[in-house]
Amino acid sequence: MTAFRLTDAGAWDAFVEVAAHHAFPQLWAWGELRVEAGWRPIRLAVGADPAHPVAGVQLLLRRVPLSGWSLAYAPRGPIGDLGDPSVRAALVGAMEAVGAEERIGRVRVDPEVTADEAFGAALMDPPWREAPKVQPPTTRLIDLRADRDALWSALGRKHRQYVSKAGRAGVTVEQLDPTSDAATTASALADFDRIYRLTAARAGFAVRIPEYYQRLWAAFAPAGRARLFFAIQDGQRVAALLHLACGDRVAEVYGGMTDAGAASRANYLLKWEAIRTLADEGLGTYDLWGLATGGIRKFKEGFGGTEVTWVGARDLPLHRVGDAILGAALAGHAARTRLRALGRSRNAEPAASPD
């Protein structure tokens, strides 16, 4: 078994889409999307030859300022036949070799694997160690291979009532055609951004600049790996869901609704129609992409599926000194970030009353 870097996007994605534990952040387009944020992607695999990889990982490298070392992150990776100890050893060896070439102090991985699996159990033991959370460690997976009646029956009673209520209120669902002209696509993405920002302001989470979602759509949609659904009420888009697909799996990555959409329960009908449509497309698994807490968790749980907890982020030190330097540098960065956030909080004006 040998190690090699894959430099052909088509060959890499063909491997990713059928590999065990595959997920969209390991696709070529995701790595390229992160370049503008300062990351440099490397696609590393092991196998008999480059045409037949059995395991691999897309590493995103970032040089930590003033440290002389890089941190490598594998978003939702590694992937492949990593239940085999010899394959795991080969891939770790490949990462160590790349680490020496690129001055990588540590690798952070975050695969879709549970601690009950051989691969996940291995990640719980030294030299691997626990790392700060990056991607959602707990989610719900809906089996889209079930028939329509079974999918509908899996919804909670209130969820079924709200889906029906939205339909009676005249809410409809539309999907953006990935082959739409530039003006139609731009209008849809602008509406998505508007809805998502309203949701973020209401829920208190951060959003990216509009251009990010435009780049994401441009990167994933041409290959059929992006879906964008809207709920329509009185001619207006009042809720949105954006999905990214990889092989037979699809993840609900971004979503939101306006106040009008919330009042009409448009988000319930929208999610149900997305589940139904994606099942009809032949996709196998629908990932709700995290559960959060409180109302969001209850909302997602009401659509059925099975709760799954992944092993979470794990670090592998590649160089003792480099790892220690990175640890100190990252701790300092985190402390400065907390101080800036505290300063903004103290200087911020009082929040407006919800009334």
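The values are calculated or read from the model by the stated rules, or taken from the named source; none is laboratory data. None of these values were measured; they are calculated from a predicted model. Cβ sites come from the backbone with ideal geometry, for glycine too, and all protein chains shown count toward neighbours. For accessibility, only protein heavy atoms count, side chains too; no ligands or nucleic acids. Shrake-Rupley method; radii C 1.70, N 1.55, O 1.52, S 1.80 Å.
Any residue in the range 116-138 that's farther than 24 Å from residue 89 by Cβ and assigned to a strand (DSSP E or B): show its pairings with residues that are open to solvent by 30 Å² or more (accessible area, probe 1.4 Å) and of a type in the set (D, E, K, R) at Cβ separation under 7 Å, as long as the two are six or more apart or on different chains. Pairs found: 138/307.
Evaluated against (1) modelled with pLDDT of 95 or more; (2) surrounded by 10 or more Cβ atoms within 10 Å (Cβ to Cβ), residue 329 falls short on exactly one condition, (1). Considering every residue within the range 30-49, establish whether at least one is at pLDDT 95 or above, among the charged types (D, E, K, R), assigned to a strand (DSSP E or B) and open to solvent by 10 Å² or more (accessible area, probe 1.4 Å). Yes: the range 30-49 contains one or more residues that are at pLDDT 95 or above, among the charged types (D, E, K, R), assigned to a strand (DSSP E or B) and open to solvent by 10 Å² or more (accessible area, probe 1.4 Å).
Considering only the range 273-331, give the strands (runs of 3 or more DSSP E) lying wholly within it that have at least 3 residues that are under 21 Å from the mean Cα position of the chain (by Cα).
On the way: elements: 285-287, 306-309, 314-317.
Hits in the range 273-331: 285-287, 306-309.
Checking each residue in the range 168-188 for being closer than 22 Å to residue 265 by Cα, open to solvent by less than 40 Å² (accessible area, probe 1.4 Å) and in a helix (DSSP H, G or I) picks out only 188. Contact map, the range 302-330: first residue among the basic types (Lys, Arg), second residue part of a helix (DSSP H, G or I), Cβ cut-off under 6 Å, separation 6 or more or different chains; pairs are 314/123. Examine the range 253-266 for a residue that is modelled with pLDDT of 95 or more, in contact with a Gly (Cβ under 8 Å, 6 or more places away or on another chain) and buried (at least 21 other Cβ atoms within 10 Å of the Cβ), and state whether such a residue exists. Looking for residues that are modelled with pLDDT of 95 or more, in contact with a Gly (Cβ under 8 Å, 6 or more places away or on another chain) and buried (at least 21 other Cβ atoms within 10 Å of the Cβ), one finds none in the range 253-266, hence no. The listed residues are 234, 248, 287, 280, and the only one of them that is surrounded by fewer than 23 Cβ atoms within 10 Å (Cβ to Cβ) and under 20 Å from residue 139 (Cβ atoms) turns out to be 248.
Being open to solvent by 40 Å² or more (accessible area, probe 1.4 Å), in a strand (DSSP E or B) and out of contact with any Cys (no Cβ under 7 Å at 6 or more places or on another chain) is the requirement here; does residue 62 meet it? Lay out the reasoning, then the answer.
Values: open to solvent by 40 Å² or more (accessible area, probe 1.4 Å): yes; in a strand (DSSP E or B): yes; out of contact with any Cys (no Cβ under 7 Å at 6 or more places or on another chain): yes.
Considered against the rule, which asks whether it is open to solvent by 40 Å² or more (accessible area, probe 1.4 Å), in a strand (DSSP E or B) and out of contact with any Cys (no Cβ under 7 Å at 6 or more places or on another chain), residue 62 comes out as yes.
For the range 94-126, enumerate the residues that are open to solvent by 20 Å² or more (accessible area, probe 1.4 Å), small (Gly, Ala, Ser) and within 22 Å of residue 53 (Cβ to Cβ). Within the range 94-126, 97, 100, 118, 122 qualify. For the range 223-268, a residue qualifies if it is among the aromatic types (Phe, Trp, Tyr) and either out of contact with any helix residue (DSSP H, G or I) (no Cβ under 8 Å at 6 or more places or on another chain) or over 16 Å from residue 295 (Cα atoms) (or both), and the qualifying residues are 229, 230, 254. Within the range 1-15, the set of residues being surrounded by 19 or more Cβ atoms within 10 Å (Cβ to Cβ) and either under 12 Å from residue 223 (Cβ atoms) or among the charged types (D, E, K, R) (or both) comprises 13 only. Within the range 65-79, track down each residue that is more than 18 Å from residue 11 (Cα to Cα) and either part of a strand (DSSP E or B) or not charged (D, E, K, R) (or both). Across the range 65-79, the qualifying residues are 65, 66, 67, 68, 69, 70, 71, 72, 73, 74, 75. Restricting attention to the range 165-186, the residues that are without any contact (Cβ under 8 Å) to a residue 24 or more places away in the chain and polar (S, T, N, Q) total 3.
Look at (1) open to solvent by less than 50 Å² (accessible area, probe 1.4 Å); (2) assigned to a helix (DSSP H, G or I); (3) out of contact with any helix residue (DSSP H, G or I) (no Cβ under 6 Å at 6 or more places or on another chain); (4) free of Cβ contacts under 8 Å to residues at least 40 places away in the same chain and you find that residue 199 fails only one, number (4). Report whether or not residue 112 is modelled with pLDDT of 95 or more, under 27 Å from residue 139 (Cα atoms), among the acidic types (Asp, Glu) and touching a strand residue (DSSP E or B) at 6+ places or on another chain (Cβ under 9 Å). When the stated conditions are applied, residue 112 passes them. The selection criterion, being at pLDDT below 95, charged (D, E, K, R), in contact with a Leu (Cβ under 8 Å, 6 or more places away or on another chain) and surrounded by 15 or more Cβ atoms within 10 Å (Cβ to Cβ), holds for residue 297.
Pairs please, first residue from the range 1-17 and closer than 12 Å to residue 56 by Cα, second anywhere and modelled with pLDDT under 95 and open to solvent by 60 Å² or more (accessible area, probe 1.4 Å), Cβ atoms under 7 Å, 6+ apart in sequence or on different chains. Going by the 7 Å Cβ cut-off, the qualifying pairs are 4/50; 6/50. Within the range 68-89, residues that are more than 21 Å from residue 131 (Cβ to Cβ) sit with their Cβ atoms under 6 Å from residues that are among the charged types (D, E, K, R) and not in a helix (DSSP H, G or I), at 6+ positions apart or across chains, in these pairs: 87/81.
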